[in-house]
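The structure appears below as structure tokens.
The values are calculated or read from the model by the stated rules, or taken from the named source; none is laboratory data. Since the model is a prediction, treat every value here as computed from it, not as a measurement. Cβ: placed from backbone, ideal geometry, glycine included. Neighbour counts: every protein chain shown.
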Amino acid sequence: MRTASLAASRRGILGGAVLLAIGLAFMVQAVGMPNAASYLFITLGLAFAAAWWTGTRQYVYLVPAGVLLGFGLGLVIPTWFGLAADTAAPIFLGTLAAGLMGVFLLAPERPLPLIVAGIIMLVTLVQLFLRIDLVPSVAQPYFVPVILIVLGAYLLVERRGH
């Protein structure tokens, strides 16, 4: 278990990491990298991951790390590999689910990320292979925002040490 002195010496990690992440994302944009705005999600995910890793391993840092990394990678992977537009949505949802699975693997005592990842993967795989929309087209623009809202609300109400 980490001592209080170690935690005290690590104060300010998240604030500095977030500012560094934002600066890096804007630098990527300034040098003209394609899809530069998407890198903000990746750099913020890395900031939260660094805060979780080097700090006191607070779950409230781990969840945003997994979500933001999955979100950002889902936006940039299609451009990295020049993939067809119809692969963008499944890749985005797949990387978002993978980020949540990573959270569960690092904190298996908290099953909500695995449940949400399972729902995302079910919707994605059924759409991709069976061509059936489990989420009606009118509700699709709300699917990811609702997931983010649910996860955010969960982090706000979750009991500490649970």
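Tallying residues that are at pLDDT 95 or above and either outside any helix (DSSP H, G or I) or polar (S, T, N, Q) (or both) within region 87-103 yields 1. For residue 67, the requirement of being within 29 Å of residue 128 (Cα to Cα) and touching a Pro at 6+ places or on another chain (Cβ under 8 Å) is not met. Within region 51-60, the set of residues being surrounded by fewer than 20 Cβ atoms within 10 Å (Cβ to Cβ) and not β-branched (Val, Ile, Thr) comprises 53, 55, 57, 58, 59. Summed over region 98-142, the residues that are closer than 23 Å to residue 58 by Cβ and hydrophobic (A, V, I, L, M, F, W, C) give a count of 13. Given the criteria surrounded by 15 or more Cβ atoms within 10 Å (Cβ to Cβ) and not hydroxyl-bearing (Ser, Thr, Tyr), does residue 77 qualify? Yes; evaluated as a whole, the condition is true for this residue.
Run down 125, 130, 96, 156 and say which single residue is within 15 Å of the chain's Cα centre (by Cα) and either closer than 22 Å to residue 45 by Cα or without any contact (Cβ under 8 Å) to a residue 12 or more places away in the chain (or both). On inspection, the qualifying residue turns out to be 96. Checking each residue in region 43-71 for being part of a helix (DSSP H, G or I) and over 15 Å from residue 102 (Cα atoms) picks out 43, 44, 47, 51, 54. On inspection, residue 118 does not qualify as surrounded by 13 or more Cβ atoms within 10 Å (Cβ to Cβ), free of Cβ contacts under 8 Å to residues at least 60 places away in the same chain and within 29 Å of residue 15 (Cβ to Cβ). Quick one: count up the residues across region 18-41 that are farther than 17 Å from residue 78 by Cβ and either outside any helix (DSSP H, G or I) or at pLDDT below 85 (or both). Selection size over region 18-41: 2. Tell me, yes or no, whether region 9-16 has at least one residue that is within 16 Å of residue 66 (Cα to Cα), at pLDDT below 85 and assigned to a helix (DSSP H, G or I). Looking for residues that are within 16 Å of residue 66 (Cα to Cα), at pLDDT below 85 and assigned to a helix (DSSP H, G or I), one finds at least one in region 9-16, hence yes.
Looking at 30, 89, 107, 84 in this structure, which one is within 30 Å of residue 159 (Cβ to Cβ) and small (Gly, Ala, Ser)? Spell out how you get there, then give the answer.
Details: 30 fails: within 30 Å of residue 159 (Cβ to Cβ); 89 fails: within 30 Å of residue 159 (Cβ to Cβ); 84 fails: within 30 Å of residue 159 (Cβ to Cβ).
Of 30, 89, 107, 84, the one residue that is within 30 Å of residue 159 (Cβ to Cβ) and small (Gly, Ala, Ser) is 107.
Read through the list (1) in a helix (DSSP H, G or I); (2) farther than 12 Å from residue 97 by Cα, then give the number of the only condition that residue 138 fails. Failed condition: (1).
Out of 67, 103, 63, 123, one residue alone is crowded, with 17+ Cβ neighbours inside 10 Å and within 21 Å of residue 36 (Cα to Cα). It is 67.
Could you identify the single residue in 128, 114 that is farther than 26 Å from residue 158 by Cα and either modelled with pLDDT of 95 or more or in a helix (DSSP H, G or I) (or both)? Criteria check complete, one pass: 128.
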